[in-house]
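First the structure, in the form of structure tokens, and then the observations on it.
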Amino acid sequence: MSPSLQVAVSLEEPSPAEEDGRPEKPVCEHCRSSAVTFDASACWDAKEQQFEYDILFDEVYCQHCEGKQRVDWIPV
């Protein structure tokens, strides 16, 4: 079994969906695609046998636009 990476993202100000406990997803601010990749650093947790989020960097890459973009968080 290969290890999985679990990343948690928190916004500085909670969105209405987050306040209501509804799930959200990131989309590219430019094209609205959800095919976005975040740069992050993770550490291996030997006890849990999985990677744990360490740092989430500001860089977001949109696979559809093929470049760095900003994201919006929308309800799922």
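Just so it is clear, none of the values below were taken in a lab; they were calculated from the coordinates. In this text the structure is predicted, and so the values were computed from the model without any measurement. FYI the Cβ positions are ideal-geometry reconstructions off the backbone, even for glycines, and counts take in every protein chain you see.
Which of the residues belonging to the stretch 24-64 are in contact with an Asp or Glu (Cβ under 6 Å, 6 or more places away or on another chain) and surrounded by 11 or more Cβ atoms within 10 Å (Cβ to Cβ)?
Residues satisfying the conditions are VAL27, GLU29, ASP39, ALA42, ASP45, GLU52, GLU59.
So, in the stretch 33-55, of the ones that are part of a strand (DSSP E or B) and of a type in the set (A, V, I, L, M, F, W, C), which residue ends up farthest from GLU66 (Cα to Cα)? Explain how you work it out, then say what you get.
Pass one, the stretch 33-55, residues part of a strand (DSSP E or B): 36-45, 50-55.
With of a type in the set (A, V, I, L, M, F, W, C) added as a condition, the list becomes 36, 38, 40, 42-44, 51, 55.
Numbers: VAL36: 10, PHE38: 13, ALA40: 18, ALA42: 24, CYS43: 28, TRP44: 30, PHE51: 27, ILE55: 23 Å.
Here the residue is TRP44.
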